[in-house]
Amino acid sequence: MLPIVDIHGHYTASRPDSETDFRRLVDSPEVCRIVVCALALELEETAPGSFMDGSTNEQLAALIAKIDSPKLVPFCTIDPRETDAPKQLEYWISERGMRGVKMYPPQGWYPSEERVLPTFQAAESLGVPVLLHMGRVANHPKLRSKFAEPIHLEDVGLACRTLKLIIGHFGCPWHWQAYRLADGFPNFYFDLTTSGSLDLHLLGIVRDDRYTGVKRILLGTDGDGSNNLSLARATLDRLRTGGFTEEQLEQIAHHNGLALLGEGTDL
């Protein structure tokens, strides 16, 4: 398989084999970089004080310190509704070595809300990418997909012209909306994680569009350390059936992700 940069992975601290799986993953020759996101959503309707499977920033930091591999790229999680969210982000980036941030609008906030824009602006000032879950979310009484409709990213793009923003899951089922919106924002990128690679016709249009192009397409898996490679392989095989060349696949699987992380040619 092509060397991969997986722009959308997760660490589940409660899973017993997580550390072992990530150690095995970084030893794989096919792996160049894996973005590992912290994401622990407090969902009180499940049980008071309980968290959705995932990890806190501290748990992710502990994993990164234990494995100590440049292949693992940690992204912290921030709730931008909190009044000190920009300061939290600065702490995790500047003092704890995180290299990006994952945020989750289905918690109950629109990216266009004035109260959350300071966190996007802080990420822009720090020069780190923002990965947003966009599109449909798993059914849960405390989560709503409507908050993750890509049209709500317009205000972010206007307020943060240089911010690198990754539209998670290509915004599916609103992927056409994500594509048309991104025409005017050259720092918006499409993440192929899970449902993000389903519409091969649209991906072909994105690939050939002079305003977007193959450089905007990023490989992601939602993998938890145990399945990143198999998920990446399945996505690349699907793109082959859609007419993507090996050169284009290499750019999507490897070069685009490195460039987004500041380790390769600028996107």
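The values are calculated or read from the model by the stated rules, or taken from the named source; none is laboratory data. Just so it is clear, the structure is predicted and the values come from calculations on it, not from any experiment. Virtual Cβ from ideal backbone geometry, glycine too; neighbours counted across all protein chains shown.
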Here are some conditions: (1) touching an Asp or Glu at 6+ places or on another chain (Cβ under 6 Å); (2) modelled with pLDDT of 95 or more; (3) over 22 Å from LEU25 (Cα atoms). TYR211 meets all but one. Which one does it not meet? (2)
With the structure loaded, tell me whether SER112 is modelled with pLDDT of 95 or more, of a type in the set (Ser, Thr, Tyr) and under 25 Å from LEU261 (Cβ atoms) or whether it fails that test. no
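Test of understanding: among LEU2, LEU39, LEU72, which residue is at pLDDT below 95, buried (at least 16 other Cβ atoms within 10 Å of the Cβ) and within 20 Å of ASN256 (Cβ to Cβ)?
One residue alone meets the criteria, LEU2.
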Search region 106-131 for residues that are within 14 Å of GLY157 (Cβ to Cβ) and among the β-branched types (Val, Ile, Thr) and pair each with any residue that is assigned to a helix (DSSP H, G or I) and modelled with pLDDT of 95 or more when their beta-carbon atoms are under 6 Å apart and the residues are at least 6 apart or on different chains. VAL130/ALA123
Within the bounds of region 126-143, is there any residue that is outside any loop (DSSP other than H, G, I, E, B) and of a type in the set (S, T, N, Q)? no
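One line per residue, one yes/no per condition, for (1) over 25 Å from ASP209 (Cβ atoms); (2) free of Cβ contacts under 8 Å to residues at least 12 places away in the same chain; (3) surrounded by fewer than 17 Cβ atoms within 10 Å (Cβ to Cβ):
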| site | (1), (2), (3) |
| --- | --- |
| ALA232 | no, no, no |
| ARG238 | no, no, yes |
| GLU247 | no, yes, yes |
| HIS254 | no, no, no |
| LEU261 | no, no, no |
I need a count of the residues in region 80-121 that are within 26 Å of SER145 (Cβ to Cβ) and assigned to a helix (DSSP H, G or I). 11
